[in-house]
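Engineer: The structure's right below; bear with me while I get my questions together.
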């Protein structure tokens, strides 16, 4: 591995995103890259975004399904960074032409009231810092042609994160069993998809705790006001222009994604 290779791959990802044009798998062209190399590339890609005026609003967690982890040959989730210009509102028109092959998934998002920067952060301490939670739709998109990715491809590409869709309602976390929260995903001409929080490392809080501790180790902790997308509760839906997809979260309301 070399810094020149990292720079070249980062520029390749940046160009693919700018042009909304797919590229060949990075993992095929650089088979010697591992997860640490992929995160180094992710940092370069995100540094470019920051240099262009981007502002970090939180993080997303991916690979929270044990089956997907086994498929990609890993034993832990991955993460990417959320930026302010990635946020969209429920009902807003989503321009698919600005993406390559977008897919959407329903998740639970947590917002924190203080920085999570303590070494040895406990699960109880993390729970005490949750300000509120909300249903969220994450729109994922891969720069790799036809989603033929492995762990290196998705990590380098900011965990394949493109946009996130929020509503206006916020909820108190006290007493909530996040394993039992459910989502039903409906669109014309498609069978309804459904799932629960249990699909996300057994509990969305488990995934969030993994991330919180990981980011403390890396010296980039979750900050006050940050939003954390805890991982998919149900299968992804491929988006096409003209689609309207409704994400019905039991007891939490509905988010509507209009694909344009």
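Engineer: Go through the range 52-84 and report how many residues are in a strand (DSSP E or B) and modelled with pLDDT under 95.
Structural biologist: Total satisfying the criteria: 2.
Engineer: Turning to a different aspect of this structure: Restricting to the range 204-260, name every residue that is in a loop (DSSP other than H, G, I, E, B), surrounded by fewer than 15 Cβ atoms within 10 Å (Cβ to Cβ) and touching a residue at least 12 places away in the same chain (Cβ under 8 Å). Walk me through it before giving the result.
Structural biologist: Restricting attention to the range 204-260, the residues satisfying the condition of being in a loop (DSSP other than H, G, I, E, B) are 219-226, 230-236, 239-243, 250-252, 260.
Narrowing the set further to residues that are surrounded by fewer than 15 Cβ atoms within 10 Å (Cβ to Cβ) leaves 219-220, 224-225, 235, 240-242, 250-251, 260.
Of everything in the range 204-260, those that are in a loop (DSSP other than H, G, I, E, B), surrounded by fewer than 15 Cβ atoms within 10 Å (Cβ to Cβ) and touching a residue at least 12 places away in the same chain (Cβ under 8 Å) turn out to be 224, 225, 235, 240, 241, 242, 250, 251, 260.
Engineer: Hey, another quick one. Let me spell it out: the conditions are (1) within 23 Å of residue 128 (Cα to Cα); (2) in contact (Cβ under 8 Å) with a residue 60 or more places away in the chain; (3) under 17 Å from the mean Cα position of the chain (by Cα), and residue 181 meets all of them except one. Which number is the exception?
Structural biologist: (3)
Engineer: Answer yes or no: is there a residue in the range 184-193 that is within 13 Å of the chain's Cα centre (by Cα) and on the phi > 0 side of the Ramachandran plot.
Structural biologist: No, the range 184-193 has no match at all.
Engineer: Moving to a separate point now. Can you name the residue in the range 156-201 that is under 15 Å from residue 252 (Cα atoms) and in contact with a helix residue (DSSP H, G or I) (Cβ under 6 Å, 6 or more places away or on another chain) and, of all such residues, is surrounded by the fewest Cβ atoms within 10 Å (Cβ to Cβ)? I'd like the intermediate steps shown before the answer.
Structural biologist: Step one: of the range 156-201, the residues under 15 Å from residue 252 (Cα atoms) are 165-185, 194-197.
When the remaining residues are screened for being in contact with a helix residue (DSSP H, G or I) (Cβ under 6 Å, 6 or more places away or on another chain), the result is 178-179, 181, 197.
Working: 178: 21, 179: 16, 181: 24, 197: 25.
For the range 156-201, the residue satisfying everything is 179.
Engineer: Next question, about the same structure. Criterion first (within 24 Å of residue 258 (Cα to Cα) and either at pLDDT 95 or above or part of a strand (DSSP E or B) (or both)) does residue 178 satisfy it?
Structural biologist: It is false that residue 178 is within 24 Å of residue 258 (Cα to Cα) and either at pLDDT 95 or above or part of a strand (DSSP E or B) (or both).
Engineer: Provide a single number: the residues in the range 108-155 that are assigned to a helix (DSSP H, G or I), surrounded by fewer than 18 Cβ atoms within 10 Å (Cβ to Cβ) and in contact with a strand residue (DSSP E or B) (Cβ under 7 Å, 6 or more places away or on another chain).
Structural biologist: 1
Engineer: Restricting the search to the range 28-39, which residues are in a helix (DSSP H, G or I) and crowded, with 19+ Cβ neighbours inside 10 Å? Give the steps one after another, and end with the answer.
Structural biologist: Let us first name the residues in the range 28-39 that are in a helix (DSSP H, G or I), namely 28-29, 35-39.
Scanning the range 28-39 gives 37, 38.
Engineer: Another question, then. Evaluate the following for residue 46: is it surrounded by 16 or more Cβ atoms within 10 Å (Cβ to Cβ) and part of a helix (DSSP H, G or I)? Can you show your working first?
Structural biologist: Values: surrounded by 16 or more Cβ atoms within 10 Å (Cβ to Cβ): yes; part of a helix (DSSP H, G or I): yes.
Yes; evaluated as a whole, the condition is true for this residue.
The values are calculated or read from the model by the stated rules, or taken from the named source; none is laboratory data. In this text the structure is predicted, and so the values were computed from the model without any measurement. With ideal geometry, Cβ positions are generated from the backbone for all residues, glycine too; neighbour counts draw on all protein chains shown.
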